[in-house]
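Asker: Mind having a look at this structure? Questions to follow.
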Amino acid sequence: MRWLLCAMALVLATPAAAEPRRIVSLDYCADQFVLALADRDQIAALSRGSRRDDSFYRARAAGLRQTRGTLEEVLALRPDLVVRNWGGPWDAETVYARFHVPVLQVGGTPTFPEARADLLDAARTLGHPERGATLTRDLDLRLARLRANASAQTPAVMYLSAGGAVAGAGTMMDAVIAAAGGRNVRTDASWVVLPLEHMIETPPALIALGFFEHGRTRSNPWLPGQHPALRRALAGARTVSLPSATIACEAWYAIGAAERIAAALRAS
Amino acid sequence: MTAAHRTSLALALLSFAALAAALWLGPTPLADPFATDDATRTIVWEIRFPRALTAWLVGAALGLSGAALQGLLRNPLADSGVLGLSGFAALGAVIAFAFGFAAFAPLAALVFAFIAALIVTSLGWSARGPASLALIGVGLSSFAGGLIALALNLAPNPGALADLINWTLGSVEARSLDHAFLVAAFLAVGAALILFAARGLQALTLGEEAAAAIGANLSRTRWLVILGAAACTGGATAVAGIIGFVGVAAPHLVRALAGHDPARLLVPSALAGGAMLVCADIAVRLLPTDTELKLGVAAALIGGPVFALIAARLASRGGDS
């Protein structure tokens, strides 16, 4: 009995893992993790990109403070956690360690299992593991639904951005195409430049377009996506436009892009 | 007191003023930068001071190497960029980033700057004149530029691309005293080598043959200047990335005041480079842009027009700059 009382006293005396109360995020990809997982009153500031058109949770960013993300401006906010994907100094962890501020590195995950683990890890660090669990449950369900509805064939799919980049193996877009039940036509590692001649010679069953409807890219006539030959090829091909917000960062919500591709494949 | 001494004194005072202003000015308004509360102490002494000091040291290293190389090559457009030193230093860092060894980027920058120096000096050993040495450097610089572009082209993900681009645009944001000590150490080594070559540089103004005739050791001068410039450029690029223009502009800006003797231009050029870069960094911090401008960009934006104006004024007087 005595040992039980001692154990209980010890448990009660141990403070719960403190959740961060002043979170600053350094780029709009990191913003999405913070907006998805943290309470509003935990957020000291988001990046200036948090309200961009292609920010997935841009509606939630309204009214929250923004920062340029320089060391001085971030430290002036007295953060207890800095969240980063690509923003801030490249050696952010070392830099902020000098000021005893931990850095949570998120994103940059090229597969759904990695994105899932990343999300759970971020949720734990931000003090809301249950929110991470809810989001991963939703992700698992949606992935399972896509698998269940996929046909036996795997039609050839190509992802093309307005800037002329085509997704190859080892990218989240490759995982998105696979999750949708398609087969990525490009097997090269990483991103490659638009193989225009090859695409016209052997057109894929479906071309998934990224950022073609985005204001900044739509108005730029010099982008490879505006090439007259490509425009003609796209006019005659089956295409699906992916919501920019689902593909601007490598994260769990890219599942929305997979569902869009799957729906387009089913409709064919 | 000579014109060079007066210029050095004025530029030293300007450097102190710029460094003091850099403690005061920044995105966070401070009523009293010498207040003793924790927040002010952190902002002023742990963020602004190391950053400003690093900017000054980087500018001084680039100004000094620019002045030395202009004297060696007898070419007013020479700087460490022309000899491929900064291009190779940046290439070293970019390779480290591209292969996932970001922590070794500064070391790689230093090593590659010295590799470029060895290549330039070895290939230029039999070169007939400074033009051949500069041409070898231009070739190396283009080669490094091509490889950097290739690395950007093949960046594995947007995060790596952002790191690579940030490095190539140059910045002293978030630098600590450790960074400042690193540049200072290489500036000290580089300055010692270059100052040993000062008399050789002075003799070279007579032309290579005349300099050799009066007993100047041209080969030794060449090695000292190029290795010294490599130490300065490697240290600067290792910490701040690529910052162009300061190396070309600083010697020109002081030449009108300190005279044309390359030996007497070395110290004023270093001081001018330091002051220029601290001023550029203050501007970067205060400009209300969405993301902070990169220092390399700001240095060119501020220094470019000023340099063109001075060059035009000197040209209208009938002298070269």
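Asker: Going through the range B:102-143 one residue at a time, which ones are within 14 Å of another protein chain (Cβ to nearest Cβ), open to solvent by 40 Å² or more (accessible area, probe 1.4 Å) and under 20 Å from the mean Cα position of the chain (by Cα)?
Answerer: B:Leu107
Asker: Away from every other protein chain (no Cβ under 14 Å), closer than 14 Å to B:Val239 by Cβ, touching a residue at least 60 places away in the same chain (Cβ under 8 Å) and not small (Gly, Ala, Ser) - does that describe any residue in the range B:61-71?
Answerer: Yes; the residues of the range B:61-71 include at least one that is away from every other protein chain (no Cβ under 14 Å), closer than 14 Å to B:Val239 by Cβ, touching a residue at least 60 places away in the same chain (Cβ under 8 Å) and not small (Gly, Ala, Ser).
Asker: Being more than 12 Å from chain A (Cβ to nearest Cβ) and open to solvent by less than 50 Å² (accessible area, probe 1.4 Å) is the filter here; which residues of the range B:24-55 pass it?
Answerer: Scanning the range B:24-55 gives B:Pro33, B:Ala35, B:Leu53, B:Thr54, B:Ala55.
Asker: Please work out if B:Val306 is more than 14 Å from chain A (Cβ to nearest Cβ), open to solvent by 30 Å² or more (accessible area, probe 1.4 Å) and closer than 17 Å to B:Leu169 by Cα. Talk me through it step by step, then tell me what you get.
Answerer: On the way: more than 14 Å from chain A (Cβ to nearest Cβ): yes; open to solvent by 30 Å² or more (accessible area, probe 1.4 Å): yes; closer than 17 Å to B:Leu169 by Cα: no.
So B:Val306 does not fit the description; no.
Asker: Looking at B:Arg74 and the list (1) open to solvent by less than 30 Å² (accessible area, probe 1.4 Å); (2) out of contact with any Ser or Thr (no Cβ under 7 Å at 6 or more places or on another chain), which single condition is not satisfied?
Answerer: If we test B:Arg74 against (1) open to solvent by less than 30 Å² (accessible area, probe 1.4 Å); (2) out of contact with any Ser or Thr (no Cβ under 7 Å at 6 or more places or on another chain), just (1) comes out false.
Asker: All but one of (1) charged (D, E, K, R); (2) at pLDDT 80 or above; (3) assigned to a helix (DSSP H, G or I) hold for B:Asp163, so report the exception by its number.
Answerer: Of the numbered conditions (1) charged (D, E, K, R); (2) at pLDDT 80 or above; (3) assigned to a helix (DSSP H, G or I), the odd one out for B:Asp163 is (2).
Asker: Between residues in the range A:38-55 that are closer than 20 Å to B:Thr289 by Cα and modelled with pLDDT under 95 and residues that are open to solvent by less than 10 Å² (accessible area, probe 1.4 Å) and not charged (D, E, K, R), which pairs lie under 6 Å by C-beta distance while being six or more apart or on different chains?
Answerer: Close Cβ pairs (under 6 Å, with a partner that is open to solvent by less than 10 Å² (accessible area, probe 1.4 Å) and not charged (D, E, K, R)) amount to A:Ser50/A:Ala61; A:Arg51/A:Ala61.
Asker: In addition: Using the structure shown, decide if A:Leu141 is hydrophobic (A, V, I, L, M, F, W, C) and in contact (Cβ under 8 Å) with a residue 60 or more places away in the chain.
Answerer: Judged against the criteria, A:Leu141 is not a match.
Asker: Among the residues of the range B:290-300, are any exposed (fewer than 15 other Cβ atoms within 10 Å of the Cβ) and within 14 Å of chain A (Cβ to nearest Cβ)?
Answerer: Yes, because at least one residue in the range B:290-300 is exposed (fewer than 15 other Cβ atoms within 10 Å of the Cβ) and within 14 Å of chain A (Cβ to nearest Cβ).
Asker: Here is a follow-up. B:Trp223 is checked against (1) in a helix (DSSP H, G or I); (2) under 15 Å from the mean Cα position of the chain (by Cα); (3) not charged (D, E, K, R) and fails just one. What number does that condition carry?
Answerer: Against the list (1) in a helix (DSSP H, G or I); (2) under 15 Å from the mean Cα position of the chain (by Cα); (3) not charged (D, E, K, R), B:Trp223 comes up short only on (2).
Asker: When you scan the range B:144-157, do you find a residue that is touching a residue at least 60 places away in the same chain (Cβ under 8 Å), of a type outside the set (Gly, Ala, Ser), open to solvent by less than 50 Å² (accessible area, probe 1.4 Å) and more than 30 Å from A:Met173 (Cα to Cα), even just one?
Answerer: Checked against the condition, which is being touching a residue at least 60 places away in the same chain (Cβ under 8 Å), of a type outside the set (Gly, Ala, Ser), open to solvent by less than 50 Å² (accessible area, probe 1.4 Å) and more than 30 Å from A:Met173 (Cα to Cα), the range B:144-157 yields no hits at all.
Asker: Checking A:Ala264 against (1) modelled with pLDDT of 90 or more; (2) assigned to a helix (DSSP H, G or I); (3) surrounded by fewer than 18 Cβ atoms within 10 Å (Cβ to Cβ), only one condition comes out false. Which one?
Answerer: That leaves (3) as the condition not met.
Asker: Considering every residue within the range A:86-94, establish whether at least one is facing chain B (nearest Cβ under 8 Å), farther than 28 Å from B:Gly241 by Cβ and part of a loop (DSSP other than H, G, I, E, B).
Answerer: There is no residue in the range A:86-94 that is facing chain B (nearest Cβ under 8 Å), farther than 28 Å from B:Gly241 by Cβ and part of a loop (DSSP other than H, G, I, E, B).
Asker: Taking the range A:45-85 on its own, how many of its residues are open to solvent by 10 Å² or more (accessible area, probe 1.4 Å), assigned to a loop (DSSP other than H, G, I, E, B) and away from chain B (no Cβ under 12 Å)?
Answerer: Summing the residues that are open to solvent by 10 Å² or more (accessible area, probe 1.4 Å), assigned to a loop (DSSP other than H, G, I, E, B) and away from chain B (no Cβ under 12 Å) in the range A:45-85 gives 9.
Asker: Given the conditions (1) open to solvent by 30 Å² or more (accessible area, probe 1.4 Å); (2) at negative phi, report the number of the one that B:Leu85 does not fulfil.
Answerer: (1)
Asker: Continuing with the same structure: Failed condition for B:Asp178, given (1) within 30 Å of B:Leu53 (Cα to Cα); (2) open to solvent by less than 50 Å² (accessible area, probe 1.4 Å); (3) not aliphatic (A, V, I, L, M), with all others met?
Answerer: Result: B:Asp178 fails condition (2) only.
Asker: So which helices (runs of 4 or more DSSP H) stay within the range B:11-123 end to end and still have 3 or more residues that are over 24 Å from B:Thr221 (Cα atoms), modelled with pLDDT under 90 and small (Gly, Ala, Ser)?
Answerer: Of the helices (runs of 4 or more DSSP H) lying wholly inside the range B:11-123, those with at least 3 residues that are over 24 Å from B:Thr221 (Cα atoms), modelled with pLDDT under 90 and small (Gly, Ala, Ser) span B:85-98.
Asker: OK, next. Go through the range B:208-231 residue by residue and tally those that are modelled with pLDDT under 85 and open to solvent by less than 30 Å² (accessible area, probe 1.4 Å).
Answerer: The number of residues fulfilling the criteria is 2.
Asker: Related question: Considering the range A:144-169 alone, what residues qualify as being within 18 Å of A:Thr111 (Cβ to Cβ), of a type in the set (A, V, I, L, M, F, W, C) and in contact (Cβ under 8 Å) with a residue 12 or more places away in the chain?
Answerer: A:Leu146, A:Ala150, A:Val157, A:Ala167, A:Ala169
Asker: Given the criteria part of a helix (DSSP H, G or I), touching a residue at least 24 places away in the same chain (Cβ under 8 Å) and within 14 Å of chain A (Cβ to nearest Cβ), does B:Arg285 qualify? I'd like the intermediate steps shown before the answer.
Answerer: Numbers: part of a helix (DSSP H, G or I): yes; touching a residue at least 24 places away in the same chain (Cβ under 8 Å): yes; within 14 Å of chain A (Cβ to nearest Cβ): yes.
When the stated conditions are applied, B:Arg285 passes them.
Asker: Among (1) within 14 Å of B:Gly296 (Cα to Cα); (2) in a helix (DSSP H, G or I); (3) in contact with a Leu (Cβ under 8 Å, 6 or more places away or on another chain), which single condition is B:Pro268 missing?
Answerer: Among (1) within 14 Å of B:Gly296 (Cα to Cα); (2) in a helix (DSSP H, G or I); (3) in contact with a Leu (Cβ under 8 Å, 6 or more places away or on another chain), B:Pro268 violates only (1).
The values are calculated or read from the model by the stated rules, or taken from the named source; none is laboratory data. In this text the structure is predicted, and so the values were computed from the model without any measurement. No Cβ is skipped: glycine too gets one built from the backbone with ideal geometry, and neighbour counts run over all protein chains shown. What goes into the accessible areas is simple: the full protein's heavy atoms, side chains included, and nothing from ligands, DNA or RNA. Shrake-Rupley method; radii C 1.70, N 1.55, O 1.52, S 1.80 Å.
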